[in-house]
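Working notes, structure below.
No lab work stands behind these numbers, since they all come straight from the coordinates. This structure is a prediction, so every number in the text was calculated from the model and none was measured. Here the Cβ positions follow ideal geometry from the backbone for every residue, glycine too, while neighbour counts run over all protein chains shown.
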Amino acid sequence: MSLHIKGGTVVTAEQAFRAEVYCADGRIAAVGENLDVPAGAEVVDAGGQYVMPGGIDPHTHMQLPFMGTVASEDFFTGTAAGLAGGTTMIIDFVIPNPQQPLMEAYKQWREWAEKACADYSFHVAVTWWDESVHRDMETLVKKHGVNSFKHFMAYKGAIMADDEILVNSFQRARELGAICTVHAENGELVFTLQQELIDKGINGPEGHPLSRPPQVEGEAANRAIRIAEVLDVPLYVVHNSCRQSLEAITRARSEGQRVFGEVLAGHLLVDDSVYRNTDFEFAAAHVMSPPFRAKEHQRALWRGLQSGNLHTTATDHCCFCAPQKAAGKDDFRLIPNGTGGVEDRMAVLWHHGVGTGRLTPSEFVRVTSTAAAQIFNIYPRKGSVSIGADADLVVWDPEGSRTISAKTHHQNIDFNIFEGMTVKGIPSHTVSAGKLVWKDGELNVEKGAGNYVDRPPFAPYYGAMQEARRRKEPTGVKRK
Ligand code: DUC
Ligand code: ZN
Ligand code: ZN
C-alpha cells in the first residue's frame, strides 16, 4: 500500500519546507514538490499542517513487573496510545532480576513485545555482575541489535547497580561500542532517608519526595559521569528532574565529555505540590522516581533543553492504577513507582515548548525524535523525513486542540498527570510503517504490526575517537 501526504510543510530537525511525502512499502519513497506518484495511493490532505518524523519515546516500561505488581499498560495498548499521540517508536527496558541471565530476560521481553503495534527496541539493564553477564552483553550487542545498557543506581536490595557493577559494566560497554545509561539516584541515601522518615511517622506519599531530594540525584549523576569519564565511555543520563543533575551534565559537556541528558515531559510540567495533596489516590498516582520537583527545577530543565545540554524528551511511561498504588496506603515505600504519558508527550511539548516560543518546530522535532535516533544509532532510518527512512510520520495540526483527560485518553491507566490541560497542537494523522494508524481521532492499529528495531554498536566511531584521544591527536589523523 502507498500513501501520499500533500499540502503540508515538512519539518525536520534542520529545516522546514513545503513538500509532499510519498510512502511505499513501509518506507519514504519521495519527498518534494509536485510529486508524480503512481495511481491508487491513499491521499492525506496536510494543508495548513506540519509533516514531521513520528515521535520516539526512548524511555518506557510496558508491562513491567515491578514492586510486587505489573505495569497495567502492555506493549499493545501502550504502543497504540503512543500512536494516538504521534509517537511511532518506543525504546523500552529489559530489566533482569538479580542473578537472572540477561539473555533469558531479553527473550522474555521480546516475547511480551510481539503484540506491539508500533516499532520498538530495548535497552538492557545490568542489575548484577558475573562472567555470564560479561558474555551476554557481547551476545546482545553483536547478535541482537542492543547498543545501550541501563544501570539503576537506586532500588537498593532489588535492581540497584553499585559502583562495582557500574565499573565492570561500563568497561564492557566501551569494549563493545555500546552506550551506558543510568537512572541516577543514590540508592543508599534513599534507603537511609526512607527509614528516617518512617521512624518519624511520615508514611504517606509526602514522604516520597522527601526521601529522594535533588542532591541524591545530583550526586549519582555526577558519580556516573565521572566513572564514564575515567573509563571513556559515552553516557546517557535518563529522566533528569533537577538542576543538580543538569549541572553535572553541563559541566561534563563543557569539558568535552560525551554525556547526553534526557528529560521527561512530566518533570518539565508537574511540580512537587502534588505530593502534599491530602487525597492519597491523587498523591500516590504521582509517585515516580525521581519525583516531581519544585518549580525552580522545571525552569532549569527547560533551559537545559533549550541550550542543548538536555537532548531528548521521554515519559518513563510506567502505569499503575489506583488499586495497585493502594499497596502503599500505610507506607509510601510500597507505592509502585510510575506514571503514564506516552500519548501526551508530543502535544504537551508542542503546547508548552513551541506554543510559548521556547522551542522552534525544528527544535521540537530534534527533542522528540531526531536526537534519540542519533544517540541510539538508528538515524536516519528513524527521526528523519528522508528517502529510504521508515515511513513513521506524524501530521501535526497546530490549530487543533484537546483537553487531556484519563476519561478520554487511550492509555491503560485510570489517571493522567496532565488531567485538564488543554493543549493547542495535536496529531491529526499518524503514519506507522507507511500505514495510516491514527486519523482524526480514530485509531486503526493491528496487534503485532510493530517491528523490533536493531540498533548497531558505535564501535567504529567511538573506537576511533577514543584511540585518537589516547594519542592526543584529532580524529582521522594517521600516525606515520
Ligand atoms: N521510575 C519509576 O518511577 N518507575 C519505573 C522505574 C523508575 O525508575
Ligand atoms: Zn528510572
Ligand atoms: Zn524508567
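Can we say T250 is under 20 Å from R358 (Cα atoms), more than 16 Å from ligand 3 (Cβ to nearest atom) and either surrounded by fewer than 19 Cβ atoms within 10 Å (Cβ to Cβ) or among the hydroxyl-bearing types (S, T, Y) (or both)? Here the answer is yes, as T250 does meet what is asked.
Pairs meeting the criteria (first residue in the range 318-336 and touching a residue at least 40 places away in the same chain (Cβ under 8 Å), second residue within 16 Å of ligand 3 (Cβ to nearest atom) and outside any loop (DSSP other than H, G, I, E, B), beta carbons under 6 Å, at least 6 apart or on different chains) are Q324/T69; F332/H208; P336/T69. Among residues of the range 274-291 that are in contact (Cβ under 8 Å) with a residue 60 or more places away in the chain and closer than 13 Å to G204 by Cβ, those with a Cβ under 8 angstrom from a residue that is among the acidic types (D, E) and away from ligand 3 (no atom under 16 Å from the Cβ), sequence gap 6+ or separate chain, pair up as Y275/E206; R276/E206; A283/E206.
Considering V141, V167, V146, V133, the condition of being surrounded by fewer than 17 Cβ atoms within 10 Å (Cβ to Cβ), more than 16 Å from ligand 2 (Cβ to nearest atom) and among the hydrophobic types (A, V, I, L, M, F, W, C) is satisfied by V167 alone.
May I ask you to verify whether L83 is at negative phi, crowded, with 22+ Cβ neighbours inside 10 Å and over 18 Å from the mean Cα position of the chain (by Cα)? Spelling it out, it is not the case that L83 is at negative phi, crowded, with 22+ Cβ neighbours inside 10 Å and over 18 Å from the mean Cα position of the chain (by Cα).
Set side by side, the residues L264, L305, L301 differ, and just one is within 16 Å of ligand 3 (Cβ to nearest atom) and within 28 Å of I179 (Cα to Cα), which is L264.
For the range 52-70, the criterion of being farther than 25 Å from H267 by Cα, touching a Gly at 6+ places or on another chain (Cβ under 8 Å) and not in a loop (DSSP other than H, G, I, E, B) is met by no residue. Taking the range 307-323 as the range and being under 18 Å from the mean Cα position of the chain (by Cα), away from ligand 2 (no atom under 16 Å from the Cβ) and not small (G, A, S) as the test, the residues that pass are N309, H311. When residues in the range 175-193 are screened for being within 14 Å of ligand 3 (Cβ to nearest atom) and in contact with a Leu (Cβ under 6 Å, 6 or more places away or on another chain), 0 of them pass. Each residue in the range 361-394 was checked for being β-branched (V, I, T) and farther than 16 Å from I426 by Cα, and 6 pass. Comparison of Y120, Y106 shows that the only residue that is surrounded by fewer than 24 Cβ atoms within 10 Å (Cβ to Cβ) and either over 29 Å from P361 (Cβ atoms) or not acidic (D, E) (or both) is Y106.
If you filter the range 328-351 down to residues that are part of a helix (DSSP H, G or I) and away from ligand 1 (no atom under 14 Å from the Cβ), you find that the one that is nearest to the chain's Cα centre (by Cα) is R345. In the range 283-327, what residues are part of a loop (DSSP other than H, G, I, E, B) and within 11 Å of ligand 1 (Cβ to nearest atom)? Listed by number, the residues that qualify are H286, V287, M288, S289, P290, P291, F292, T315, D316, C318, C319, F320.
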